[in-house]
Amino acid sequence: MRPPLPRLHAITDERVARRADIDDVAKALADGGGSDLAFHARGRELTGLEHYSLSVQLSNVPSFLFVNDRLDVALTVPTAGVQLGHGSLPVSAARALNPLWWIGVSVHDLAEAEAARLSGADYLVVGPVFATASHPGRAPLGLATLQQIARAAGEIPVIAIGGMSIDRVREVRGAGAYGVAAIRALWDDAEPAAAARRMREWMS
């Protein structure tokens, strides 16, 4: 039986994956986030070996691990779920590999959200809700569109991403988001344990 889907998702990118202090920061985030925290091993420019090494590092921290895009890597480490993006294998292929995984899909508009729902996705990662340095050329969706997607998703949990900060958690919760995902707001905070704890508390 699967555990509940965490509400707080700490996403990595190439920069975070290659930080010398990633183990220490991950442990601090896990302390603050508790059972509501999931790590996402992500990095589009990482080699297969780097993605595997990152996943192994994060799997050694007492938390939930999700692997983004790389289903081959997800099969090699203790993984609670996977997140699929544009160009990934379909939800059905991931389900065939491990029916116990939480399988999420990244979506950027209402049409993509509906397609992901019909494909059998367990959760949706919706963004960017706000302007973000991770996708400087992409216009933010805004809270109104997030609310539309959350309503259309029905019972499927929606994780809001893009420009997340502690003071925006309540806004996205009010718009119907089940949880939030962030890179800089968690990994770059001077006190990562406190940042994760505050985000977790505001989500509940």
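The values are calculated or read from the model by the stated rules, or taken from the named source; none is laboratory data. The structure displayed is predicted, hence computed values, not measured ones. Cβ sites come from the backbone with ideal geometry, for glycine too, and all protein chains shown count toward neighbours. What goes into the accessible areas is simple: the full protein's heavy atoms, side chains included, and nothing from ligands, DNA or RNA. Shrake-Rupley method; radii C 1.70, N 1.55, O 1.52, S 1.80 Å.
Descriptive notes on the structure:
- Any hit, segment 143-157, residues being out of contact with any Lys or Arg (no Cβ under 6 Å at 6 or more places or on another chain) and closer than 24 Å to Asp188 by Cα: no
- Pair list, Cβ < 6 Å and 6+ apart or interchain, from segment 188-204 residues that are over 14 Å from Pro6 (Cα atoms) to residues that are at pLDDT 95 or above and open to solvent by 70 Å² or more (accessible area, probe 1.4 Å): Ala193/Asp31
- Positions within segment 113-151 being touching a helix residue (DSSP H, G or I) at 6+ places or on another chain (Cβ under 9 Å), open to solvent by 30 Å² or more (accessible area, probe 1.4 Å) and not in a loop (DSSP other than H, G, I, E, B), in sequence order: Glu114, Arg117, Ser119, Leu143, Thr145, Gln147, Gln148
- Residues within segment 161-187 that are over 14 Å from the mean Cα position of the chain (by Cα), part of a loop (DSSP other than H, G, I, E, B) and not polar (S, T, N, Q), tallied: 2
- Counting the residues of segment 157-204 that are within 29 Å of Ala115 (Cβ to Cβ), open to solvent by 30 Å² or more (accessible area, probe 1.4 Å) and not charged (D, E, K, R) gives 4.
- Contacts under 6 angstrom Cβ, first residue in segment 62-83 being open to solvent by less than 20 Å² (accessible area, probe 1.4 Å), partner aromatic (Phe, Trp, Tyr), 6 or more apart: Leu65/Phe39; Val73/Tyr52; Gly81/Phe66; Gly81/Trp101; Gly81/Trp102; Val82/Trp101; Gln83/Phe66
- Those residues of segment 121-148 which are in contact with a Leu (Cβ under 8 Å, 6 or more places away or on another chain) and either more than 27 Å from Ala96 (Cβ to Cβ) or at pLDDT below 95 (or both), in sequence order: Gly127, Pro128, Val129, Thr145, Gln148
- Failed criterion for Ser106 (all others in (1) in contact with a strand residue (DSSP E or B) (Cβ under 7 Å, 6 or more places away or on another chain); (2) open to solvent by 30 Å² or more (accessible area, probe 1.4 Å); (3) part of a helix (DSSP H, G or I) hold): (3)
- Taken over segment 2-11, the criterion of being open to solvent by 70 Å² or more (accessible area, probe 1.4 Å) and touching a residue at least 40 places away in the same chain (Cβ under 8 Å) is satisfied by Arg2 alone.
- Criterion (open to solvent by 60 Å² or more (accessible area, probe 1.4 Å), more than 24 Å from Met203 (Cα to Cα) and acidic (Asp, Glu)) met by exactly one of Glu45, Glu14: Glu45
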